[in-house]
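Data block below; observations after.
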Amino acid sequence: MSPEKPPPDIPTQSPSAHPPLGRLPEVFDLAFLTGVEDVTELIMVRHGEQDVANFRGGPVGDIIDPPLSARGNKQAEAVGLRFSTQHVDVVYASNLVRALETGRQIARHHNLEPIVLEDLREVEIFRDIPPERSALDFVGRQLLLGIRQRMQNEKSWDVYPYSESSFDFRKRTVNAIEGILATHPGERVVVACHGGVINAYIGHIIGVDYDMFFRPAHASVSICLSGYGVRALRSLNDVHHLEADALISH
């Protein structure tokens, strides 16, 4: 593993000197990693739509790891096809089945198997409630309504009691992704994960305090660049690969 390279030197020659062959990167090239070499491309893919048959009102143990729905499987296939003709060096995935199956649909076109990284799992809402109890029964309808309103306004995981904190969630996800970037300098890396994870990392690199500053669509693609000590957002919530088959959903 090689460390990230320092930014290219800024030329110090006088205006009358002959310009060097080729164009040196300018300040915005370095700030946003455009027109520079040896950049890592981080492709963050949200999983396809999950099966929500038991999602609302059921025991919390039953809603942590749902499989993909029939529509979600088609979305995963579509995002896999999107990258089937592009070079991909490595695929990582959350250990939760909806993200892992989405990652497999991408990896299979490149004779790869996703590397499972548990720290890429979704934020653990109501994780301290006994798994056989529902959140409604455990905390009550009135408190749930208050939490719902606060989340709508504040967009912070900290409004949820008995849950993973915003700080701990962002720390584990950002650390996990930075570890991936450090391991694969200059490569194209796909990470199949979750909406909260995508918000946590991109929010970190662009300086957004909200835990959820946008809602990634199922099987959407967001791309970040990494190199020379810089992290830059290239694209956000791209779903053009889902449009032909009307598979777009949130």
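The values are calculated or read from the model by the stated rules, or taken from the named source; none is laboratory data. This is a predicted model, so every value here is computed, not measured. In this analysis, Cβ positions are derived from the backbone assuming ideal geometry, glycine residues included, and neighbour counts consider all displayed protein chains. Note: accessible area is taken over every heavy atom of the protein model, side chains too, but ligands, DNA and RNA are not part of it. Shrake-Rupley method; radii C 1.70, N 1.55, O 1.52, S 1.80 Å.
A few comments on the model shown:
- Principal-axis tilt of helix 141-154 within the chain, Cα atoms, nearest 10 degrees: 10
- Accessible surface of segment 77-178 [probe 1.4 Å, protein heavy atoms]: carbon and sulfur percent: 48
- Rounded to 10°, Cα long-axis angle of helix 166-183 versus longest principal axis of the chain: 40
- Crossing angle, helix 195-206 versus the chain [Cα axis fit, 0-90 degrees, rounded to tens]: 40
- Solvent-accessible surface of the chain, averaged per residue with a 1.4 angstrom probe and all protein chains in place: 53 square angstrom.
- Selected from Gly80, Gly203, Gly179 as most flexible by GNM, with the chain as the system and alpha-carbon contacts under 10 Å: Gly179
- Bridge orientation summary for the chain: considering DSSP beta bridges with both residues in this region, about 55 percent are antiparallel.
- Calculated FRET efficiency for the pair Ile115/Gln149, C-beta based, R₀ 45 Å, to 0.05: 0.70
- Answer label for mean projected area of the Cα convex hull in nm² (calculated), chosen among [x] 16.1; [y] 12.6; [z] 17.8: [x]
- Shown for segment 25-66: the carbon plus sulfur share of the solvent-accessible area, taken with all protein chains present and a 1.4 angstrom probe, equals 52%.
- D (Stokes-Einstein, µm²/s), Kirkwood Cα radius, segment 183-250, 1.002 mPa s at 20 °C: 163
- Mean separation of Cα pairs under 8 Å and 6 or more residues apart, divided by the residue count, gives the chain a relative contact order of 30 percent.
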